[in-house]
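Here the structure is laid out as structure tokens; the discussion comes afterwards.
The values are calculated or read from the model by the stated rules, or taken from the named source; none is laboratory data. Computed from a predicted model, the values in this text were never measured in an experiment. Ideal geometry is used to build each Cβ from the backbone, glycine not excepted, and the neighbour counts take in all protein chains shown. For the accessible areas, the whole protein counts, side chains as well, though only heavy atoms, and no ligand, DNA or RNA atoms are used. Shrake-Rupley method; radii C 1.70, N 1.55, O 1.52, S 1.80 Å.
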There are 2 protein chains.
Amino acid sequence: MNIGEIARRAGVSRSTVSYALSGKRPVATSTRRRIQDVINELGYRPNATARALKEGRTRTIGLVIPPAGNRLTHMQLDFVASVVEAAARVDLDVLLSPSGGGHDRSFERLVSESRVDGVILMEIRLEDPRVGRLQAAGLPFVGIGHTAGDHQMSWIDVDYAGLVQHCVRHLADLGHRRVALVTRSRELISAGYGPARRASEGFEAAVAERGLDGVEVPCGDDARSGQECVVALLRSHPDLTAVTTINEAALPGIERALADSGIEVPYDFSVTGVAAKTWAEDFRPPLTAADVPALDMGEKAVSLLVERIAAPDTPPRHILLTPPISLRSSTAAAPTGRPSRVSRATR
Amino acid sequence: MNIGEIARRAGVSRSTVSYALSGKRPVATSTRRRIQDVINELGYRPNATARALKEGRTRTIGLVIPPAGNRLTHMQLDFVASVVEAAARVDLDVLLSPSGGGHDRSFERLVSESRVDGVILMEIRLEDPRVGRLQAAGLPFVGIGHTAGDHQMSWIDVDYAGLVQHCVRHLADLGHRRVALVTRSRELISAGYGPARRASEGFEAAVAERGLDGVEVPCGDDARSGQECVVALLRSHPDLTAVTTINEAALPGIERALADSGIEVPYDFSVTGVAAKTWAEDFRPPLTAADVPALDMGEKAVSLLVERIAAPDTPPRHILLTPPISLRSSTAAAPTGRPSRVSRATR
DNA sequence: TTGTAAGCGTTATCAA
DNA sequence: TTGATAACGCTTACAA
């Protein structure tokens, strides 16, 4: 079933069918109807591959996700979902490419075989070879996340430094003096993962600014790690009264560890951080947190990309989001005086 | 940059370049090296679109996922991740298509524009129009999940009926007489969602077989719903001593509701179900459950599809998985005699 | 061992 | 208002 077959049955030339479909040239109403009838009858749709070859564009974008081995976080999942959805709204298909672990056939296919009109790169590292690769290929792309140096690229990101700083200030305002940052996994950090690195910066800045005692601990992306991490933290820092985190997957574990130690949030201890809304609202008590608008971000990334595809020589654009901190119920004034938390926990 | 350019620079014909690349015809070593040098220098890779047009296949498969609106469950996410990974291993790209909510441009593009060589259909309904659509289009496909009638299609699924039956029998063996099934959302059920429907069947069968009192409640796919659901259940059925579930996302809420009521699992109450391993292990205490091998399933789905693409006229194959129930710590003998749970909870 | 040329299914230019 | 035809970049039969 192809355009020639339709043309034959409608008794017209292929070009007329093409024009009847695209409307790029007037077609007599009678002819058009005849063609449309045949098309409806046979359920014809033009072959996307042939069209792509002819038009020089695929109407497809690539979405580069972290390799499947490391299970995706909820936030990443929201990115994927919203990118796919937003792309579908403008009739773009999305080709998925798991990448990030070094040599990568799938990513290479994407950039060098003209399979896509542009690429959205998730989980960018501070130094990321894929950025150079895409630039060399001359393929339009945007990052969800951004590199260390300002490479000439469009991106959208969350201002982790600023947000963590806000969180710590909020805790300081409440009288907390010793606070911890529960960050992402050691591997991610040493791989140069931007959000972790930038969260550290914000944390250190705020701690210095307010003269607090700050302790920072890496933590795996799961409940168990969160739990272990907080248990260790409570043991090693008995005077800790607050924690802030950028590790949403650790939140259920953080909740557990505190509950197990007989610590009541927020009266004995405050918790805050930056996380997707669901996680914040699922925390007990509901978490005072900067809600990462992951769904918006995917959508905006698609807009940015569409823009770049349309006008590749336009200067790149950056969107740095600083969502406000939603005050929920997990932060309160630091507990005053002794009995310290330790005695309470063991009483 | 195309094959003609390479040919020109290497001083050979385009076909020679093509053959040098594919190895489908011998090429003199010297010529081959000359060609390879040019290719390396320019970083040439054949245009995938042109190749697809010529070869009549795209080396791409479509993955039809539920629409992004309903946030994907972890299990669904594992399917996606494993499908993408497995496809990448055999050098297939994956085109994502959100579908399921009625009229669907993205799905239609997939099936009727020859964008893909085959389709993996997630979240199949008992009556699913997309199955007929794919069959009419003559596009190879496999389901993760299966319809009610045995349409002529390949699929892989988990035996929810059998597994829930096992779970209930296990509870009955432990002396539980009044048990509940926490299933999926009311919407999913009325939309004809297979796993929910089949879980019901298994539940009813086991309850009848063992002469138990069974109660079945729908529940949204999130912690809060799980919590509300169990709270309501405890109130309406004071003599309930066990619950089984196929709603993994509700597990954290189930855990909370029980803890809040002062119920200790497994001494006062048993919990079991079918869930991805992570969820089961994250439950407190670790959940006795049938672990759904979501990662395997994605991989097997890809194999099935590759098979069907290669031999479309082969009779379809079905894989119904019945993973064993992993005995962890959330089930124990039913509490004996009074004081009943109610009095304990309020004591 | 290599080259020529047809053809995959479109779109769009040029003629009529 | 419509038709013939070239072209997109590739693979592969057929020739040499």
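Being surrounded by fewer than 23 Cβ atoms within 10 Å (Cβ to Cβ), small (Gly, Ala, Ser), in contact (Cβ under 8 Å) with a residue 24 or more places away in the chain and on the phi < 0 side of the Ramachandran plot holds for only one residue in A:226, A:162, and it is A:162. Taken over segment B:1-56, the criterion of being away from DNA strand C (no atom under 12 Å from the Cβ) and touching a Phe, Trp or Tyr at 6+ places or on another chain (Cβ under 6 Å) is satisfied by B:1 alone. In the condition set (1) over 30 Å from residue A:250 (Cβ atoms); (2) open to solvent by less than 30 Å² (accessible area, probe 1.4 Å); (3) more than 9 Å from chain B (Cβ to nearest Cβ), residue A:132 is compliant with all but (2). Quick one: count up the residues across segment B:74-116 that are more than 11 Å from every other protein chain (Cβ to nearest Cβ) and either at pLDDT 90 or above or in a helix (DSSP H, G or I) (or both). Total satisfying the criteria: 1. Just to be sure, is residue A:339 modelled with pLDDT under 95 and either crowded, with 19+ Cβ neighbours inside 10 Å or not in a helix (DSSP H, G or I) (or both)? Criteria met by residue A:339. Taken over segment B:57-73, residues that are among the small types (Gly, Ala, Ser) and either at pLDDT 95 or above or within 16 Å of DNA strand C (Cβ to nearest atom) (or both) amount to 1. Taking segment A:1-13 as the range and being more than 20 Å from residue B:110 (Cα to Cα), within 45 Å of the chain's Cα centre (by Cα) and either within 8 Å of DNA strand D (Cβ to nearest atom) or surrounded by 12 or more Cβ atoms within 10 Å (Cβ to Cβ) (or both) as the test, only A:6 passes. For segment B:274-302, a residue qualifies if it is farther than 25 Å from residue B:121 by Cβ and either of a type in the set (Phe, Trp, Tyr) or touching a strand residue (DSSP E or B) at 6+ places or on another chain (Cβ under 7 Å) (or both), and the qualifying residues are B:280, B:283, B:287, B:288, B:289. Considering segment B:63-73, and only residues there that are more than 9 Å from chain A (Cβ to nearest Cβ) and surrounded by 20 or more Cβ atoms within 10 Å (Cβ to Cβ), the residue that is nearest to residue B:305 (Cα to Cα) turns out to be B:64. In segment A:28-57, of all residues being within 12 Å of DNA strand D (Cβ to nearest atom) and not in a helix (DSSP H, G or I), the one that is surrounded by the most Cβ atoms within 10 Å (Cβ to Cβ) corresponds to A:47.
So which of A:250, A:280, A:257, A:276 is open to solvent by less than 30 Å² (accessible area, probe 1.4 Å), closer than 15 Å to residue B:259 by Cα and within 14 Å of another protein chain (Cβ to nearest Cβ)?
Working: A:250 fails: closer than 15 Å to residue B:259 by Cα; A:280 fails: closer than 15 Å to residue B:259 by Cα; A:276 fails: closer than 15 Å to residue B:259 by Cα.
One residue alone meets the criteria, A:257.
Checked against (1) in a helix (DSSP H, G or I); (2) within 13 Å of chain B (Cβ to nearest Cβ); (3) of a type outside the set (Gly, Ala, Ser), residue A:300 passes all but condition (2).
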